[in-house]
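**Q** Have a look at this one.
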Amino acid sequence: MDRPAQAPDEEGFTLIELLVYSLLLVVVISIVGGLLVNSLRAESTVRAVTSASTSAQATSDSVESGIRNSSAFEIQSVNYGADQMLVARVVRGSTAAITWRCAAWYFSQSLGTVRYTEVTPAASGTSSIVAPSASALAGWTLLSDRVTPTSGSTIFSGSQPTVSIASTTVGGVGKPPVAVSSSASSRAEVWESGTCFSLTD
């Protein structure tokens, strides 16, 4: 007995056609997936570099602003020379009502951080800012982390009236580092000392 002929729209795919389509689908998904993974990696790298750059720039801007508005500064070696503290007597406020403040930037080599604090100068003439303990340093404002010196073992250098900062900030494991180098000079014409640190005239 003869079977009735099947209509063309009732014919299915052969096994070979299914295998070919499946293979093409795998190839397309692999290409799209690879592009997506590369895009995510690139986005992660850009985000890390942007974050590191912003962090390093915040530190540089803070130091530059403070030094430009200072009447004196001192770079101190701390923790057996491994760390550095930049202390400056800075002016705050407008020309009508200015106030003097003691500002400090602390570079911790072991933690890879730069932190900032600002206090009112001591009336007694003794040092207003001293090298902080680890717990006291944690209370300072964090400006940047994952910081290393660009060269040597220090990030602050210079003498009156100019301070230079040279640091490298890493955005994360496997991410490219961001190097920042800048300098700032005080605009003060008269140097003062004794109210914020041990600097002598």
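**Q** Being part of a helix (DSSP H, G or I) and of a type outside the set (D, E, K, R) is the filter; apply it to segment 63-77 and report the residue that is nearest to PHE156 (Cα to Cα).
**A** Filtering segment 63-77 for residues that are part of a helix (DSSP H, G or I) and of a type outside the set (D, E, K, R), the one nearest to PHE156 (Cα to Cα) comes out as VAL63.
**Q** On to the next question. Step by step: first the residues of segment 155-169, then only those that are at pLDDT 90 or above and crowded, with 20+ Cβ neighbours inside 10 Å, then the one that is nearest to ARG187 (Cα to Cα). Which residue is that?
**A** The selected residue is VAL163.
Residues checked against (1) in contact (Cβ under 8 Å) with a residue 40 or more places away in the chain; (2) in contact with a Lys or Arg (Cβ under 9 Å, 6 or more places away or on another chain); (3) within 19 Å of SER144 (Cβ to Cβ):
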| site | (1), (2), (3) |
| --- | --- |
| LEU36 | no, no, no |
| GLU43 | no, no, no |
| THR59 | yes, no, yes |
| SER70 | yes, yes, no |
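The values are calculated or read from the model by the stated rules, or taken from the named source; none is laboratory data. As the structure is a computational prediction, the values presented were derived from the model and not from experiment. Note: ideal-geometry Cβ built from the backbone for every residue, glycine included; neighbour counts use all protein chains shown.
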